[in-house]
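No lab work stands behind these numbers, since they all come straight from the coordinates. Quick caveat: nothing in here was measured; it's all calculated off a predicted structure. A quick note on method: Cβ atoms are made from the backbone with ideal geometry, for glycine too, and the neighbour counts reach across all protein chains shown.
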Amino acid sequence: MILLPKPKKCKMRDGKYSLSAEQLQWAADTASKKLCPSIEVDLDSSAGSHAEGYHLQVMPDSIKVQARRPVGAFYASMTLRQLVRQYRTQEKLPCVEIEDNPDFPHRGVSLDISRNRVPTMETLYMLIDMFAELKINQFQLYTEHTFAYRNHEVVWKDASPMTAEEIRALDAYCQDHFIELIPNQNSFGHLKPWLIHPEYKEIAEAPEGCDTVWGWQDGPFSLCPTEPGSIQLLEELYKELLPNFSSETFNVGCDETVDLGKVKSKAHCEEKGVGPVYLEFLLKIYDQVKGHGKTMMFWADVMNNHPELVPQLPKDVIALEWDYEAEPLFDKNCQKYKESNIKFYVCAGTSTWNSIGGRTDNALGNLRSAARSGLAHGAIGYLNTDWGDNGHWQHPSISFLPLAYGAAQSWASEENKELDIKEALNVHVFKDKAGIMGPLAYDLGNAYKEFKVTPFNASSLFNLLFYYDNPISNDEGRLKDISEEEIKKAAEYIERLTAGLSKAKMDRPDADLIIREFENAVGLLLHVCRLGQARFQHEGHKDIAHIDSATREELADELDPLLADYKSVWRSRSREGELGQSIQPLEKLLALYQGSPSIKETN
């Protein structure tokens, strides 16, 4: 018996229950929000100790569910759907008794829709169906510039943004599946898509860019907190955005303000300190959010740099404590918010961004650590984040594995610590009768481990492709300590494990698309390896300009159809919007292969 998430308590009983045709049909309709037909549901406010808990009994002559609230009955029905899926060919369920409830009251997913890829509504509905079965109860769309604000078309006109009507439809769909759609609008840093336009230049902290801890920031990045127009803009945006959501919570972002105090607010920060100036503006945002009757969420990274200011936060905010490495530093910061009586979430990630094929072991370690630390220090929520840094090159199905495992960790961490995620994916996510996709997704995501050195927040394979104009060096840089032997081993590893991809037998309407997504990811990763090996053929000239023309022609012949397929697969799940921006590095690489004037012919 394979359940995802695994429940808290599960006991097998004697006997079998015969499924009706109606129940079998219900189980196949994964978009259905209805409870399983012909079961006895007892909603009792005194039942159990958790609002989302349930007691499910499958007996020879009946199926009974007891729960305090309808959401508990719904989750029992989702568990029952997974049981029926496994035993439908027998048309009989084994008798079982399950008692279950979640570790975290708030279990969410945040999806980046601001780094080029805005999903279609069909894709969003598909994800919500999946999240509901995995017992996720919150969903956020990370937004910088991809909401169609009425008076700000210049910002979003080329991004295929979400409209107010679409948000309202999505909110209703989420409610039907017991998921809270939380509004998300970054409100301090990460606003370059706004600030690059002349209309907003005066409220940028560094209109022409500046030097930061990340190196030189080319162009504006954050709002200037000392400019009155900054808070006035946010006031206008919130007034238009928030009425489209039924949620009483609002994530205002405010992370990574790396240019704060560097240019326009420099004097103010020198007088008061960067931390106090940040908090001062955060409190202005807080007042705006409270004016709309919402509870404010914010990313906690900047406040973590100024721990002495944490006690000054309003007690009704929610800090989002994030870290995306396998061995994160959650404990120290979680304890700080606990001591200050500030509610907080632990926020892990899928580790699929900057990877193409994922980073499985990093993701699993990160997701487990977040749950462990969150439970130890009293976090009220768990948020799994799926980012799109540098073009959102990972296709949506690449993230299915860490999204599913994160859901399991947020529901019942200890019970799912040793979850067989490969088999659980086969049965309940990919629904692959051949048993191919679960192990493939897991192993493809570990191709990054063929390299001894793992770059921060990325894989070496991604870096070899994205930073193709960087030197391969043993000293420093994005491509530091990459060897020809590692590249060769990675290629052999990927070719070996993907040989059976075409044999998958997924019972999903998008089965063919998932195959294409994985084929395209594999193709790009193998292309990386061939490019890397070609660069090593010229000792002392490890850049594209010194690859011989015949090899460049072969690389072009390989990349050209891969790029065309990337575009086609993208359009199957995502809006056109910023597709061109996403593939720009690949198009430049193709031009180099094909004899761009910048190529230095040496053969």
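Values as computed for the structure displayed
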read-out	value
Low-density loop cleavage sites - trypsin sites (Lys or Arg not before Pro) in the range 3-88, where at most 11 other Cβ are within 10 Å (DSSP)	34
Whole-Å distance, taken between Cα centres, linking the range 1-17 and the range 420-466	28
Residues with amide H under 5 Å from that of residue 446, placed H, sequence gap 5 or more	360
Model label zone, residue 49; criterion: amide N under 17 Å from point 7 Å along Cα-to-beta-carbon; scope the range 407-427	412-415
For residue 473, distant residues with modelled amide H under 5 Å away	479, 480, 481, 482
Loop GluC sites (Glu not before Pro), the range 211-291, which have at most 11 other Cβ atoms in a 10 Å radius of their Cβ (DSSP)	248
Residues 100, 61, sorted so that the one with the fewest Cβ neighbours within 10 Å comes first	61, 100
The range 67-83 - phi-based ³J(HN,Hα) in whole Hz, Karplus 6.51/-1.76/1.60, Gly and Pro as x	8, 6, 9, x, 4, x, 5, 4, 5, 4, 5, 5, 4, 5, 4, 5, 5
Relative contact order (%) - the range 353-400, alpha-carbon pairs under 8 angstrom, separation at least six	64
Segment residue 158-residue 29, length gained on full extension (0.36 nm per residue, minus Cα span)	42.9 nm
DSSP-defined antiparallel bridges as percent of all bridges, the range 106-416, nearest 5	10
Residue-count net charge about residue 501 - beta-carbon cut-off 13 Å; Lys, Arg +1, Asp, Glu -1	-2
Cα→Cβ-extended label distance, 7 Å offset, between residue 216 and residue 175, nm	5.1
Theoretical gain in end-to-end length, residue 240 to residue 452 [0.36 nm per residue, Cα-Cα removed]	71.4 nm
Computed over the range 106-416: relative contact order in percent, which uses C-alpha pairs under 8 Å that are six or more apart	17
Taking the chain and dividing mean pair separation by its residue count, relative contact order in percent (alpha carbons under 8 Å, at least six apart)	13
Centroid-to-centroid separation of the range 235-253 and the range 211-231 [C-alpha atoms, Å]	23
Rotationally averaged projected area of the chain (alpha carbon convex hull; nm²)	27.6
Proxy reagent accessibility, fewest Cβ within 10 Å first, across 393, 322	322, 393
For the chain, share of DSSP beta bridges that run antiparallel, in % to the nearest 5	40
Fully extended contour minus Cα-Cα distance, from residue 536 to residue 122, at 0.36 nm per residue	144.6 nm
Counting DSSP beta bridges with both ends in the range 9-100, the antiparallel % (nearest 5)	80
Cut-off 19 Å, label 7 Å out along Cα→Cβ of residue 99, residues of the range 1-37 by amide N	6-14
Per DSSP, loop chymotrypsin sites (Phe, Trp or Tyr not before Pro) in the range 175-215 with at most 12 further Cβ within 10 Å	214
Inter-centroid distance (Cα atoms) of the range 111-130 relative to the range 150-190, Å	11
Helix-derived mean residue ellipticity, 222 nm - over the chain, DSSP H n ≥ 4, -39500 (n - 2.57), to 500	-12500 deg cm²/dmol
For a label point 7 Å along the Cα-to-beta-carbon line of residue 501, residues of the range 335-375 with backbone N under 16 Å	355-359
Stokes-Einstein D (µm²/s) once Rh is taken as the Kirkwood radius of the range 106-416 over alpha-carbon pairs, at 20 °C in 1.002 mPa s	109
For 264, 422, order by how many other beta-carbon atoms lie within 10 Å, fewest first	422, 264
Rounded to whole Hz, the Karplus (6.51, -1.76, 1.60) HN-Hα couplings of the range 172-179, x for glycine and proline	5, 5, 4, 4, 4, 10, 6, 10
Integer Hz, Karplus 6.51/-1.76/1.60 couplings in order for the range 199-204, x for Gly and Pro	4, 10, 4, 5, 9, 7
